[in-house]
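*Asks:* What follows is a single structure, and I will ask about it in a moment.
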Amino acid sequence: MPLSFTIGDATLGEADLAVHMVGAVKNIFSTMVFIDDIADSYPLDKPVSHFTCSISGMVGLGGDCTGMVGIHIPEELAREATASMLGMEMDELEGDGDVNDAMGELTNMLAGEIKMIFSARGMRICLSTPSVISGKEYSVEVVSSGAAVVVPFNRGEQRFLATLQLEGS
């Protein structure tokens, strides 16, 4: 299902949303994580819902439109991003707490950027508290009749996804 939202006289299509997401993710990683060498590879070849040795951060959207913003990232890259964000070496990270918090915060930042896109067009949007799941093997499926924008990013051999699932039109 093609994704587009019409707000007043403005329509945001999937490609428009993907462009905003690419800019937001690159800006967040550059300014907050201090990692500049990520590249997007939009569009996604095929849907992905199964993750291995990864961490997924998710923030719900509510208000004039509902949905979810997510970041799905390999554990190794999540640990590297967390250490960089906190000004630490990777071996200084103890347990999963800091990594989970950092991935929740990165997802929250992306959700905030998405909120600004819709708010600038007159929509009222609320964000949920971030949720984080991780594991050796898990699936994430959004039960929705809406559509999704999924933007893959690469850093070297590592790939992660930024997702936006929206309900309605």
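*Asks:* Roughly speaking, what is the stretch gain from residue 45 to residue 128, that is 0.36 nm per residue apart minus the C-alpha to C-alpha distance, in nm to one decimal? Please list the in-between numbers first.
*Replies:* Working: separation 83, 0.36 × 83 = 29.88 nm, distance 2.94 nm.
Result for the pair: 26.9 nm of gain on full extension.
*Asks:* On to the next question. For the chain, with every protein chain kept in place, what is the accessible area per residue (1.4 Å probe, Å²)? Walk me through the numbers before you get to the answer.
*Replies:* Working: 8440 Å² over 169 residues.
It amounts to 50 Å² per residue over the chain.
*Asks:* On to the next question. What stretch of the chain, leaving out the sites themselves, is the longest with no GluC sites (Glu not before Pro) in a DSSP loop having at most 11 other Cβ atoms within 10 Å? Provide the component values of the computation, followed by the final result.
*Replies:* On the way: sites that count: 89, 94, 141, 157.
The longest such stretch corresponds to 1-88.
*Asks:* Select one label from [x] 22, 21, 18; [y] 27, 16, 15; [z] 29, 14, 14: the one whose number is semi-axes √(5λ) of the Cα gyration tensor in Å as derived from the coordinates shown.
*Replies:* Comparing each candidate, only [y] matches the computed number.
*Asks:* In square nanometres, what is one fourth of the surface area of the convex hull spanned by the alpha carbons of region 20-80? The partial results should precede the final answer.
*Replies:* Details: hull surface 21.4 nm².
Hull-based average projected area comes out at 5.4 nm².
*Asks:* Using mean Cβ contacts within 10 Å as the protection proxy, how do 56-63, 115-122 order, highest first? Could you put the intermediate results ahead of the total?
*Replies:* On the way: 56-63: 20.2, 115-122: 15.1.
Per-residue Cβ counts within 10 Å, averaged per peptide and sorted highest first, yield 56-63, 115-122.
*Asks:* Which residue fluctuates most in the GNM of the chain (Cα springs below 10 Å): 108, 100, 154?
*Replies:* In this elastic network of the chain, the residue with the biggest mean-square fluctuation among 108, 100, 154 is 154.
*Asks:* Express the carbon and sulfur contribution to the solvent-accessible surface of region 97-162 as a percent, rounded to the nearest whole number, probe 1.4 angstrom. If you can, show how the numbers build up before the last one.
*Replies:* Numbers: 1540 of 3310 Å².
In region 97-162, the share of accessible area belonging to carbon and sulfur is 47 percent.
*Asks:* A further question follows. Multiply the residue separation of residue 137 and residue 86 by 0.36 nm, subtract the distance between their alpha-carbon atoms, and state the gained length in nm to one decimal. List each step's numbers first, then the result.
*Replies:* Numbers: separation 51, 0.36 × 51 = 18.36 nm, distance 2.69 nm.
Gain on extension, residue 137 to residue 86, equals 15.7 nm.
The values are calculated or read from the model by the stated rules, or taken from the named source; none is laboratory data. Remember, predicted model here, so these are calculated numbers, not experimental data. In this analysis, Cβ positions are derived from the backbone assuming ideal geometry, glycine residues included, and neighbour counts consider all displayed protein chains. Calculation scope for accessible area: heavy atoms of the full protein, side chains included, ligands and nucleic acids excluded. Shrake-Rupley method; radii C 1.70, N 1.55, O 1.52, S 1.80 Å.
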